[in-house]
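Only the coordinates and a few stated rules stand behind these numbers; no lab work does. Here the structure is a predicted model, which means the values were calculated and not measured. So basically every Cβ, Gly included, is an ideal-geometry build from the backbone, and we count neighbours across all protein chains shown.
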Ligand SMILES: NC(=O)c1ccc[n+]([C@@H]2O[C@H](COP(=O)([O-])OP(=O)(O)OC[C@H]3O[C@@H](n4cnc5c(N)ncnc54)[C@H](OP(=O)(O)O)[C@@H]3O)[C@@H](O)[C@H]2O)c1
């Protein structure tokens with residue numbers, strides 16, 4: 001049995017599907033018992049911020065897919081309950097080990113806690129997700145203009161489905177223990193190039209407006225905590241984080257090429273056409 005945290009999110013959904021498709025027994029940590037899950041997947045209600053809520057979730061579990069940023073006591077409890085392996089959803093900024101950057105800090109500290117936990121581990125360090133483009137949905141429903149933050153920054157964005165497939169293999173095969181995987185897509189694209197792909201896939205005449213740093217900061221201030229805004233500026237304006245380099249790890253682990261942004265957009269096109 002495998003416990004998947006973040007099971008209703010962009011990545012967790014894909015981990016659940018990959019394991020279920022492989023015929024594995026899957027338990028999904030959810031906030032609501034009626035969360036939509038594939039047939040045969042067992043929901044368990046709990047919250048990573050409340051370790052006491054996880055006691056039932058760990059029973060009979062051999063491996064966990066874990067989100068970064070939660071307390072070390074989760075790992076101790078998991079080990080006490082008999083869990084043997086953790087596959088951690090970290091990120092490229094863990095490599096920086098920059099404790100002054102709020103995002104690098106939580107990923108670095110979580111990796112350190114997992115290393116110290118006594119559990120077998122695999123760290124997944126995906127670069128920017130293709131699914132971040134879903135944040136453009138309200139703009140695409142309101143008109144044909146996409147306002148692009150950090151428009152000069154290339155990234156080898158990764159499809160969450162590829163992260164899910166790598167996670168499923170790491171959970172089920174001890175040969176991935178102790179490995180760190182840098183997960184990217186097969187091409188490094190600018191935001192305007194993503195918008196051009198979306199325009200073709202959706203059959204629309206979309207225009208990309210490149211925001212200045214001041215405009216980007218003003219947009220982020222509408223909903224992002226200040227320490228995360230600073231972290232993004234540190235990554236993308238100061239240039240501390242390299243998300244442009246293409247890594248072979250997805251194809252090395254899965255045995256097939258990493259999915260392109262066009263493939264991701266074709267799979268998720270309906271989500272850009274529907275409201276919400
Ligand atoms: N976006 C990127 O480019 C990027 C790049 C590298 C790494 N990452 C890392 O990847 C993580 C996951 O990204 P995502 O896009 O899959 O996120 P997401 O779609 O926002 O999903 C988050 C998931 O976590 C669950 N969750 C949130 N708080 C929780 C808590 N306290 N206890 C239990 N479950 C909780 C959510 O459940 P509910 O929906 O019920 O709240 C949801 O299932 C990010 O948080 C980040 O650390 C992201």
Paramagnetic reach from residue 245 (point 7 Å along Cα→Cβ, amide N under 19 Å) across region 174-210: 179-190
Ranking of 111, 215 by count of other Cβ atoms within 10 Å, fewest first: 215, 111
Principal-axis tilt of helix 10-21 within the chain, Cα atoms, nearest 10 degrees: 50 degrees
Euclidean distance of C-alpha centroids, region 112-129 and region 50-88, integer Å: 13 Å
Nearest-ten-degree value, helix 226-236 long axis tilted from longest Cα axis of the chain: 70 degrees
Cβ-based exposure ranking for 158, 83, in which fewest neighbours within 10 Å come first: 83, 158
Residues 121, 264, sorted so that the one with the fewest Cβ neighbours within 10 Å comes first: 121, 264
For the chain, radius of gyration divided by Kirkwood radius, i.e. Rg to Rh on alpha-carbons: 0.96
Ranked by how many other beta carbons lie within 10 Å on average, peptides 159-167, 52-60, 129-137, 8-16 from highest: 159-167, 8-16, 129-137, 52-60
In degrees, nearest ten, helix 160-172 long axis to first principal axis of the chain (Cα): 20 degrees
Extension gain, residue 219 back to residue 254 (0.36 nm per residue minus Cα-Cα distance, nm): 8.9 nm
Ratio Rg/Rh [Cα only; Rh per Kirkwood] for region 233-276: 1.15
Length released on extending from residue 134 to residue 62, taking residue separation times 0.36 nm less the Cα-Cα span: 22.6 nm
R0 of 22 Å, Cβ-Cβ distance residue 81-residue 50: FRET efficiency to nearest 0.05: 0.90
Proportion of all alpha-carbon pairs of region 169-214 beyond 15 Å (%): 65 percent
Average projected area [Cα convex hull, region 100-236], square nanometres: 9.8 nm²
Computed Kirkwood radius, in angstrom, where 1/r is averaged over Cα pairs of region 12-151: 17.0 Å
Sequence ranges 66-74, 184-192, 27-35, 139-147, ranked by mean other-Cβ count within 10 angstrom, highest first: 184-192, 66-74, 27-35, 139-147
Global size of region 172-273 as Cα Rg and Dmax, reported in angstrom: 17.2, 48
